[in-house]
Amino acid sequence: MPEFTVPKTDTKSFVGPVTLTYAFKLEAVFDAMREEKTPRGARTFQQIASGVISGPKLSGKVYPYSGSDLGFLRPDRVEDLNLRFMINTDDGEWIYVNHSGYHRRADGYYRVAATFDAERSGAHFWLNDTTVLATAEASKDGRRVVFTYYEVG
Amino acid sequence: MELDRRSLIIGASGVAAAAAGGSAAEAAAANASPIVTSTGASPAMRIRWAFSVSIFFKERIRITSNSRRVFVPAMGGDVWGPRLNGKVVPYGGADYAGGQGLDAHYALQADNGQMIYINNRGFMTPQRAPGALPPPPPAPPPPRKPGEPINQSFEAPADSQVPLKMRLTPFFDAPNGPHAWMSRTLFVGHGQRFQGPDHTIFTYYEVL
């Protein structure tokens, strides 16, 4: 292993501040989830049927069946989320959304980081390079999920 | 902003306690670093400072590919805070930033000797006023003549020169044992560039 001596700096006491501001929410409806055992664990298959986005920073609809959660249910019963779909905004734009995060089956902890591709020249350009987190609440059957999104400042 | 300034100050004293080499009691006290709560809606999201990572850099190699890939290896660094202490493995990984933003892969080694993988994803953008338009995409590089060297070493600007906003959503693979919680917890990070020497301080918060 190459050697490296960490230089003495006066920056170790620096604590970078992070703020969270509510941006919008998504009320999503999914089809039933299927799980298929693979050599690496269980791949999940759950299509997004519909969804409504509302809030101060974004309004629109999930383009029906524009994607799925193709996640990975680990042996410790934590799902690594891999959810992608398209949003059709109320002002007529298209936005691609990708979610990564965790849905713990044991305690219901469901937190994701979302990334977006929006038109550079459109009203939602800010989503392209903004860090967005969401907290999610799933119904017992997992078919209805409410995502609440926060802009990281 | 008052809350943030307060958490900054308290968080900094937590750093000092952890750096002092702390007993379990001190670690527990530092563990009570203040919770930052979202504004604007219910349910609120809450985050709490978990640890910080310093990473020191020396070289940068830019490839004028479609995604304008930049290779920035980690020479090493430190990990400290209420929930993790250790070091950054020298040359254990690098940032391979491209068109989609930062995409760094580093190896950390905790104080108990265990290795932890971090995939540090996120965005580093010039600070801009709310509502301001993003900068135009960079001009395509001039065509390269065959045989012309493609490696261009260049200095990343210090924050004092170009105000940068760096926010991250790191994902960890931590081994079974005391650090396993990191593999099932979402994090959000703040990155700050420093020079003399060239390094970045990452402040990582666990999402509660």
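The values are calculated or read from the model by the stated rules, or taken from the named source; none is laboratory data. The structure displayed is predicted, hence computed values, not measured ones. With ideal geometry, Cβ positions are generated from the backbone for all residues, glycine too; neighbour counts draw on all protein chains shown.
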Legend entry - Qualifying residue in segment A:41-57 (condition: under 20 Å from A:GLU119 (Cβ atoms) and among the charged types (D, E, K, R)): yes
Legend entry - segment A:99-109, subset surrounded by fewer than 19 Cβ atoms within 10 Å (Cβ to Cβ) and in contact (Cβ under 8 Å) with a residue 24 or more places away in the chain, residue farthest from the other protein chains (Cβ to nearest Cβ): A:GLY108
Inset, instruction - Could you pull out every one of the strands (runs of 3 or more DSSP E) wholly within segment B:32-105 that has 2 or more residues that are buried (at least 18 other Cβ atoms within 10 Å of the Cβ)? - result: B:46-56, B:70-73, B:77-80, B:86-88, B:94-97
Inset, instruction - Within segment B:102-128, track down each residue that is closer than 18 Å to A:THR115 by Cα and within 13 Å of the chain's Cα centre (by Cα). - result: B:LEU102, B:ASP103, B:ALA104, B:ASN119, B:ASN120, B:ARG121, B:GLY122, B:PHE123, B:MET124
Legend entry - Elements of type strands (runs of 3 or more DSSP E) in segment B:153-208, at least 2 residues being farther than 18 Å from B:ALA74 by Cα, facing chain A (nearest Cβ under 8 Å) and at pLDDT 95 or above: B:164-173, B:199-207
Legend entry - Matching entry among B:SER42, B:SER38 (being modelled with pLDDT of 80 or more and farther than 22 Å from A:THR11 by Cα): B:SER38
Legend entry - Count of residues meeting criterion [surrounded by fewer than 13 Cβ atoms within 10 Å (Cβ to Cβ), within 13 Å of chain B (Cβ to nearest Cβ) and of a type in the set (D, E, K, R)] in segment A:1-43: 3
Inset, instruction - Quick one: count up the residues across segment A:68-78 that are out of contact with any helix residue (DSSP H, G or I) (no Cβ under 8 Å at 6 or more places or on another chain) and within 11 Å of chain B (Cβ to nearest Cβ). - result: 3
Legend entry - Qualifying residue in segment A:86-98 (condition: away from chain B (no Cβ under 12 Å), at pLDDT 95 or above and touching a Ser or Thr at 6+ places or on another chain (Cβ under 6 Å)): yes
Legend entry - Scan of segment B:95-107 for residues that are within 13 Å of chain A (Cβ to nearest Cβ) and of a type in the set (A, V, I, L, M, F, W, C), ordered by number: B:ALA97, B:LEU102, B:ALA107
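So that you can scan it fast, the table gives a plain yes or no per residue for (1) modelled with pLDDT of 95 or more; (2) touching a helix residue (DSSP H, G or I) at 6+ places or on another chain (Cβ under 8 Å); (3) part of a strand (DSSP E or B):
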site: A:PRO2; (1), (2), (3): no, no, no
site: A:LYS25; (1), (2), (3): yes, no, yes
site: A:ALA28; (1), (2), (3): yes, no, yes
site: A:ALA32; (1), (2), (3): yes, no, no
site: A:GLU36; (1), (2), (3): yes, no, yes
site: A:ARG43; (1), (2), (3): yes, no, yes
site: A:GLY51; (1), (2), (3): yes, no, yes
site: A:LYS61; (1), (2), (3): yes, no, yes
site: A:ASP80; (1), (2), (3): yes, no, yes
